[in-house]
1. Kindly check whether there is at least one residue in the range 49-59 that is touching a strand residue (DSSP E or B) at 6+ places or on another chain (Cβ under 9 Å), loosely packed, with under 12 Cβ neighbours inside 10 Å and at pLDDT 80 or above.
2. Taking the range 1-30, which residues are in a loop (DSSP other than H, G, I, E, B), open to solvent by less than 100 Å² (accessible area, probe 1.4 Å) and farther than 20 Å from Ala63 by Cβ?
3. Determine the pairs where a residue that is on the phi > 0 side of the Ramachandran plot, located within the range 43-64, has a partner that is outside any loop (DSSP other than H, G, I, E, B) with Cβ atoms under 7 Å apart, the partner being 6 or more residues away or on another chain.
4. For Gly36, only one of the following conditions fails: (1) assigned to a loop (DSSP other than H, G, I, E, B); (2) modelled with pLDDT of 80 or more; (3) under 12 Å from the mean Cα position of the chain (by Cα). What is its number?
5. Would a scan of the range 15-34 turn up a residue that is touching a Ser or Thr at 6+ places or on another chain (Cβ under 9 Å) and either without any contact (Cβ under 8 Å) to a residue 12 or more places away in the chain or of a type outside the set (Gly, Ala, Ser) (or both)?
Amino acid sequence: MKGSTVYLLLAKSATVPDLRDIMVSLGIENGINLDGGGSSAMYIDGAYKAGPGRKLPNVVMLAQ
């Protein structure tokens, strides 16, 4: 997050330090790094942008 804006970032083959550097360069004030394993997916506007590699038992949902 940066102020009241929420950023969603999908970074393939990035390490934790890589993600930190990306967030710092964007001026992100609060960030969370979620697992990027086979259960990870990004679903936006009715379509998967990445994944899933298998059925997802858990979800992080953002809504307006």
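1. yes
2. Passing the criteria: Ala11, Ala14, Thr15, Leu26, Gly27, Ile28.
3. What qualifies is Gly51/Met42.
4. If we test Gly36 against (1) assigned to a loop (DSSP other than H, G, I, E, B); (2) modelled with pLDDT of 80 or more; (3) under 12 Å from the mean Cα position of the chain (by Cα), just (2) comes out false.
5. yes
The values are calculated or read from the model by the stated rules, or taken from the named source; none is laboratory data. Please read all numbers here as calculations on a predicted model, not as lab measurements. For neighbour counting, all protein chains shown are included, and Cβ atoms are generated from backbone atoms with ideal geometry for every residue, glycine included. To get the accessible areas, we keep the full protein, side chains included, count just its heavy atoms, and leave off ligands, DNA and RNA. Shrake-Rupley method; radii C 1.70, N 1.55, O 1.52, S 1.80 Å.
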